Every structure is written in C-alpha cells, then in structure tokens.
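Let me begin by presenting the structure, written as structure tokens, before commenting on it.
The values are calculated or read from the model by the stated rules, or taken from the named source; none is laboratory data. A quick note: this is a predicted structure, and the numbers were derived from the prediction, not measured. Note that each Cβ is placed from the backbone with ideal geometry, even for glycine, and that neighbours are counted across all protein chains shown. Quick note on the areas: whole protein, heavy atoms, side chains included, nothing else; ligands and nucleic acids left out. Shrake-Rupley method; radii C 1.70, N 1.55, O 1.52, S 1.80 Å.
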Amino acid sequence: MTAALIVKSTLPAKDFTTITQLGLKALNLAVTHAAALGPRLSEGLVQGLSEDIEKLGEAIPGAKQARSEAVAATSAQNVALEQGHAQMQQIRVAVRRAKAPADVKRAYGIGLKVNKTNMRDVKAAIQQILGRTKENPAEAASLGIVAKDLDALAQALVAITNADAVQEQKRASAPVATQERNRTGNRILAAVARIEGAGRMEFANDEANRASFEALGAGARKRKRAEEEAAPPVR
C-alpha cells in the first residue's frame, strides 16, 4: 500500500474474517463514492486496500502452513533424538555390562548424564563414542561393537543434525509469515478507518450515506461503550 498507514506486527484487534468483511465494505464505499472521497484519501489507499484484501486471503493459510511445518520439524527432530539416544545408550550399557576397565568406560561417556531431549547432549554423547571407536577399533570389536552399530550411530548423528537445521529454519520462518499476516490485517483496518473518517466528514449532513460509513466502526464503538460501562466508577 503506497499510502502512509501506521501499522504494527501485533495480532489485530479483530479476527481475520471480520477484517476481510470490513475491508470489502469499505472498498465498495470508497469505489462508489470515489469522486466525493478522492480528495480526502491518500493516493493509492483504495488500490492498496484492494491488494491487501487479496493478500490477506493468501497470508492466512501461509501463516498456518508455516506454523504447521515448524511443529512437524520439531516432531522430526524429537524422533531423531529419541532414536540416537537409544542407540548411544545401548552401546554404553553393553560396554558397562562387558565390565570394561574404568578408563574405557569413561572414554565411552559412561557416568555422564545425558538429557535425551537435549540436542547438544545427545550429539556430544554420540560423537564421543564415534571418536573412541575410530581411535580404538580393536577395543570396540572386543566389546562386541560392530560396524553396523557404528553406521547406525553415525546415521543418527546426521539425522539429528539435519533435523535441527530444518527445525531452526521452519521456526524462523513461522514468525515472519505470522507477522506479515498481522501487518496486512492491520493495514486493512487502518485503511478502513481512513475511509470511515472521510465518509463521515463528506456526508456529515447526509444521514443515509453517513450511516454506511459509521457502520464501519460500529463494532469498535460498541466494545468501547461496553468496557466503559463495565469499568468501576471513578471516585
């Protein structure tokens, strides 16, 4: 919208269905009374309102999809963490049950607590085991650890790393999509308010036409009166 409208990225005061309906009503009034309202409205405001109404229809599902993808990415990361932790933990148990020397147990991270839901903890534990087995393959073989175990552990590490990267990207994009939806909704409300004000002034002495513009802000006035009536008296 080329007109200078001050908008925020916060959630609009009205739901998006109501915003769309108000926007369409205001747009219709602005087009119908274009000759009379033209001098009172900023250049590009009506065109911008039309574009924003269309944009809001695209932004709402976009924001929902971004949030859904963020949730799915988090779920994928949790699955990768759970699987990686399980594989790491069973190797530790096998080393402990094999009654390996204390220094070998320490080398495999036995005794160190790992939060299975913490990505850094699980990655560090897996990397420690992979590092030890790479440096001492004969020791690993003597403990019953075979190539299949290490391949699975390495794959788990890759899965955790990739899932974390995807999750971070999706989590970052979700707020952007939501903010854009909110800004679009707030721009529509701001344009509606401008059109309402212009119509009120233009048709100050024409009650029939003025009523159509007054209706654009009727909901806000009703809520304000209800809040004022509910508020305790000032003494």
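Can you tell me which of (1) out of contact with any Asp or Glu (no Cβ under 8 Å at 6 or more places or on another chain); (2) open to solvent by less than 80 Å² (accessible area, probe 1.4 Å); (3) modelled with pLDDT under 90 is the one Ala59 doesn't meet?
(1)
Condition check ((1) without any contact (Cβ under 8 Å) to a residue 24 or more places away in the chain; (2) within 20 Å of Val93 (Cβ to Cβ)) across all residues:
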| position | (1), (2) |
| --- | --- |
| Arg132 | no, yes |
| Ala138 | yes, no |
| Leu143 | no, yes |
| Ala147 | yes, yes |
| Leu153 | no, yes |
| Ala156 | no, yes |
| Thr161 | no, no |
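Report the residue count in segment 15-30 for those that are crowded, with 19+ Cβ neighbours inside 10 Å and among the charged types (D, E, K, R).
Qualifying residue count, segment 15-30: 0.
From Glu69, Glu54, which residue is within 30 Å of Ile160 (Cβ to Cβ), open to solvent by 60 Å² or more (accessible area, probe 1.4 Å) and either in contact with a Lys or Arg (Cβ under 8 Å, 6 or more places away or on another chain) or modelled with pLDDT of 80 or more (or both)?
Numbers: Glu54 fails: within 30 Å of Ile160 (Cβ to Cβ).
Matching residue, one of Glu69, Glu54: Glu69.
Considering only residues that are over 26 Å from Ala80 (Cβ atoms) and open to solvent by less than 40 Å² (accessible area, probe 1.4 Å), which ones fall in segment 94-138?
Once the filter is applied, which keeps residues that are over 26 Å from Ala80 (Cβ atoms) and open to solvent by less than 40 Å² (accessible area, probe 1.4 Å), segment 94-138 yields Ala100, Val104.
Exactly one condition in (1) touching a helix residue (DSSP H, G or I) at 6+ places or on another chain (Cβ under 6 Å); (2) modelled with pLDDT under 90 is not met by Ala125; state its number.
So the condition that Ala125 fails would be (2).
Quick one: is Glu43 at pLDDT 85 or above, among the charged types (D, E, K, R) and within 30 Å of Gln155 (Cβ to Cβ)?
Criteria not met by Glu43.
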